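Notes for the one structure printed next.
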Amino acid sequence: MTQRIQIGAVFIIMHLSFGYVVYPNLIYRLTETAHWEIILCLGLLQLLLMWFYIKGLHYFPNNDVIDIHLKMGRWAAIVFLIPFVINLIALVSLNIRIHTEVIISIFLPRTPYWSILLLLFFVSVYTALKGLGTILRSSIFIFLFVIPLVLLNIFSSAINFNIHNVTPGLDLPPKFLLNMRFFYLLGFSSFLFLGFITSKTKLIFRHLFVAWVIVTLLLLLVVYIPLLVFGQETVITLTNPFLEAMDSIDISWFSFNRQAIFFGVLLVGLVILTNSVIFWMIGRVMQKVFAWDSSYWIIACSVIAFIIAIVVPNKYLLEKYFLWSSGAQAYFMISIPLTIFIYGFLSNRGVKVREK
Amino acid sequence: MRANIVKEIQSRFSDHYDDFFIEEELVEKTTIFLIGFNTLVDLAKSKLFVQQMADSSASVKALFKNLSDRINIDTEQLIQGILEGNLVIVSQDGKQNVVVDPIVKNLRSSISEPKNESPIQSSTDAFGDDINTNVGMIRKRLSTASLCHCSYQVGELEKRKISMLYIKGRTPKALIEKVNEQLKGINTDIETIDDLNLQFGKRRLSPVSHLSATELPIQAIHSLKENRIVLFLDNCPFALVFPNLIWDMLGGINDRNFPFILSFMLRFFRVIGLVATLILPALYVALVSVNPEVFKLDLALFVAKSREGIPLSAFLETIAMVVLVDLILEAIVRLPKSVGPAITMVGGIILGQAMVEAKLVSNLLVIVITAVVIASSAVIGMQNSLYIRLLKYPILILASLFGILGVCTGFIITIIYLASLTSNDVPYMTFRIKQEGETK
């Protein structure tokens, strides 16, 4: 039971981490009205893929994604998973860099970004080296530490809401489905880690559905808070709409000047845990595909990721690369669950035929 | 004419064993030798006891049989028996011998009140030095057939007694077997609790022990009922609960003598104490020196005013005060009870007034430091209080470098570090241990 709560916490934390920074900007660019349609469509698509993924994983009890790919053959594991790992390295480095930019703008405008990058990398790699158990256990405590801040942000921003900013609330037909950016957005979802923990625990779709509902609600809030505060025309010109929305709040009895500080603290908690999960996934794949201790792989890959994060020159390129990376991630999000589902389905039928 | 066996024992204890005695006694017209240490054996009373037994026995052989079951054993075992504080009796011809539990000199204090913990509204018995008394105290309070007891004698120089207690059918079998193996495998001397702690896996540089020490029988029994193992070390007035969990620091069984809502309140305050100890000094440094802009203007001005004219940087003044307070806490422990208050008074005056009036540290910092000292004492157990006092230093250093970002990263690193600790695969941050045979 505890472990399911832990997995749910990691699931929510990872989605929030990706959801807070670039996600709202993309949604504002996709449509001018009825943003909830996009979020809901994305959510349903994600739910469908998750269902395939979990169904596929259930065909192979006590095996994780890597084991299943190794069953198909070593070449399959290399062909399917190594590009995935390369993309994960890119994703982790760009993700930390994007968060660093936001964190610097909140806390330390005069500090060089490499020092904060170093700090965040160090903590993430340390957590990843300690293994899955540590990540899952600390996730609960980080969750308890982050969720009050999320709620504080939501409720304190309510004083600036103007309901007219989000009308009209309906937009038909949904043209955004044909836009490529919609699929980029899918890459912000991060349910693939679920397949890496199934060697010990069996996933139950019902529990994950609860986590999914919470994530979708939180993502709706992340998108709608800046919208309710500023309106579509302003929001599209801002670099960090959520941050600006937090900065606009002024509660007279509250002793802190900037609400954004809580948003920054929350981001730190989210980014550390998310990146440590990704590092751990990288280490896991590399260890199983090429026999070597996973801690060496984690350290090696983190050095590469750190160099990538440092050499990206400016924010424009950063966001561009991040979108490419999340687009590639969307591809893996579609291909890996379907591959596993189809392979599981076929091999399961094969077993049944042989039994007859 | 003394028998060979007596001579052999005598030669072993010839020089520099001034408390060693060999007494001759006449029983049934034959001589017997009483051998032992007069520092451990009450000779006069023991002699009387042997005489009385002799009166009711027909022969020396019958007497020996009546006295003890350990009859006619070899010399090495006899010597071991003497060292353990027993009385050894050898017959005149040396062919018969016996190791008797003598009437001992009372070297132990009796059951008293706890010295390191102060339970409210509960039984005030505490464990003592004698291992058998301690195990007896548990058996007396937990009269069930499923309470199991394994005893070990380990060590190189001296054989030290260790007892392991657990409840059969509750504590996981794998855990019991592992601890059993680890205790059997000890081949060094166990002098302190930390020596025993190191036997459960490498944690030499970790401030968190595998064992949680408690003086209170009710707490030890509660741990047993919570599917854990309780260890006793001879001459150590503590029950050592294995594994140590973070919950031990926050909630004890004594809290539950109050209604639920009150015990919840107590535990909640302990959580606040824990978090405040870790982050308050760091938060002061961060807010004063790195991120003053997060406060509202009037508050920011107030903070700036309190630091007006102070030459030290915020980090230096904080670290100086924190170290000073930790020194005071240590000094009070070392001093005899009659001198202790002097330190409290001098410390109070210097910290409270002189340093502020001399403009060496700010008013605000003194308040923060006071809060930290009080908060760090709110958690249960001295060792826990010590280790959270240690963990605040890394966060303080990170805060001086990165401000609020450093405080929050430091706090997260601390959480992750504590979450990474396990003892025999039981994580430190778990809330309970699964009962054996329980389904998920």
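Please determine, in degrees from 0 to 90 and to the nearest 10, the orientation of helix B:340-349 with respect to the longest principal axis defined by the Cα atoms of chain B, where the helix direction is its Cα long axis.
10 degrees
What's the center-to-center distance, using Cα atoms, between region B:371-440 and region B:5-38 in Å?
The distance from the Cα centre of region B:371-440 to that of region B:5-38 comes to 58 Å.
Size of the dipole of chain A about the Cα centre, Lys and Arg at +1 and Asp and Glu at -1 on the beta carbon, nothing else charged, in debye to 20?
Approximately 1380 debye in magnitude.
So what's Rg/Rh here for region B:114-233, counting alpha carbon atoms and using the Kirkwood radius for Rh? Before the final figure, lay out the partial values.
Numbers: Rg = 14.5 Å, Rh = 15.3 Å.
The Rg/Rh ratio comes out at 0.95.
Return the loop-located chymotrypsin sites (Phe, Trp or Tyr not before Pro) in region B:147-205 (DSSP other than H, G, I, E, B) with at most 15 other Cβ atoms within 10 Å of their own Cβ; answer none if there are none.
Listed in order of number, the matching sites amount to none.
What helices does chain A have that are whole DSSP H segments, at least 18 Å long along their own axis by Cα, and with mean Kyte-Doolittle hydropathy of 0.5 or more? Write down the numbers at each step before the final one.
On the way: long enough: A:2-21 (30 Å, 1.06); A:35-58 (35 Å, 1.25); A:74-106 (46 Å, 1.70); A:113-130 (26 Å, 1.64); A:132-157 (36 Å, 1.96); A:205-230 (38 Å, 2.41); A:260-289 (43 Å, 1.78); A:294-311 (26 Å, 2.31); A:315-355 (59 Å, 0.36).
Taking the DSSP H segments of chain A (at least 18 Å long, mean hydropathy at least 0.5), we get A:2-21, A:35-58, A:74-106, A:113-130, A:132-157, A:205-230, A:260-289, A:294-311.
Residues of B:397-405, mean number of Cβ from any other protein chain within 10 Å of their own Cβ, rounded to a whole number?
Working: counts 0, 1, 0, 0, 4, 8, 3, 8, 14.
Mean number of neighbouring Cβ atoms from other chains: 4.
Taking only DSSP H segments of four or more residues, each worth -39500 (n - 2.57), what value at 222 nm results for chain B once the sum is divided by all its residues, to the nearest 500 deg cm²/dmol? If you can, show how the numbers build up before the last one.
Details: 16 runs with 199 residues, N = 440.
Counting only the DSSP helices, I get -14000 deg cm²/dmol.
If I take every Cα pair under 8 Å that is 6 or more residues apart in chain A, average their sequence separation and divide by the length, what percent do I get for the relative contact order? All intermediate terms of the calculation are to be shown ahead of the outcome.
Working: 422 pairs, mean separation 143.8, N = 356.
Relative contact order, chain A: 40 percent.
Check each of the chymotrypsin sites (Phe, Trp or Tyr not before Pro) in region A:272-334 and keep only those in coil by DSSP with at most 14 other C-beta atoms within 10 angstrom; list them in order.
On the way: sites: A:279, A:280, A:290, A:292, A:296, A:297, A:306, A:316, A:321, A:322, A:324, A:331, A:332; in loops: A:290, A:292.
Passing both the DSSP loop test and the Cβ count: A:290, A:292.
Each label point is 7 Å from the Cα along the Cα-to-Cβ direction; what then is the distance between the points at residue B:305 and residue A:232, in nm?
5.1 nm
Go through B:83, B:66, B:51 and say which Cα lies farthest out towards the positive end of the charge dipole of region B:4-100; charges sit on Cβ, +1 for Lys and Arg, -1 for Asp and Glu.
Value computed over the given set: B:66.
Would you be so kind as to identify which of B:387, B:354, A:56 lies farthest towards the positive end of the dipole of the protein assembly as shown, taking Lys and Arg as +1 and Asp and Glu as -1 on Cβ and the Cα centre as origin?
Final value for the positive-end residue is A:56.
Where does chain A land at 222 nm, in deg cm²/dmol rounded to the nearest 500, when only DSSP H runs of n ≥ 4 count, each adding -39500 (n - 2.57), divided by all residues?
Numbers: 14 runs with 270 residues, N = 356.
Taken over chain A, the calculation gives -26000 deg cm²/dmol.
Cα axis of helix B:297-306 to longest principal axis of chain B: angle in degrees, 0 to 90, nearest 10?
Its long axis makes an angle of about 60 degrees.
Could you list the residues of region A:100-114 with an amide nitrogen less than 13 Å from a label point located 7 Å from the Cα of residue B:297 in the Cα-to-C-beta direction?
It comes to no residues whatsoever.
Peptide A:103-116: average number of partner chain Cβ atoms within 10 Å per residue?
3
In debye, nearest 20: dipole of the protein assembly as shown around its Cα centre with unit charges on the Cβ of K, R (+) and D, E (-)?
Working: 66 positive and 57 negative charges, 519 e Å.
Charge dipole of the protein assembly as shown: 2500 debye, to the nearest 20.
Would you give the gap between the C-alpha center of region A:309-355 and the C-alpha center of region A:179-218, rounded to a whole Å?
Comparing the Cα centres of region A:309-355 and region A:179-218, I get a distance of 13 Å.
To the nearest 20 debye, what is the magnitude of the charge dipole of region B:4-100 about its Cα centre, counting +1 on the Cβ of each Lys and Arg and -1 on the Cβ of each Asp and Glu?
Values: 9 positive and 15 negative charges, 71 e Å.
For region B:4-100, the charge dipole is close to 340 debye.
Counting alpha carbon pairs within less than 8 Å and at least 6 residues apart, what relative contact order, in whole percent, applies to region B:79-231? Can you show the working numbers first?
Working: 170 pairs, mean separation 31.1, N = 153.
Answer for region B:79-231 is 20 percent.
Values quoted throughout were computed directly from the atomic coordinates according to the rules given, and no laboratory measurement underlies them. Here the structure is a predicted model, which is why all the values come from computation and not from measurement. Note that we place each Cβ from the backbone using ideal geometry, even for glycine, and neighbour counts take in every protein chain shown.
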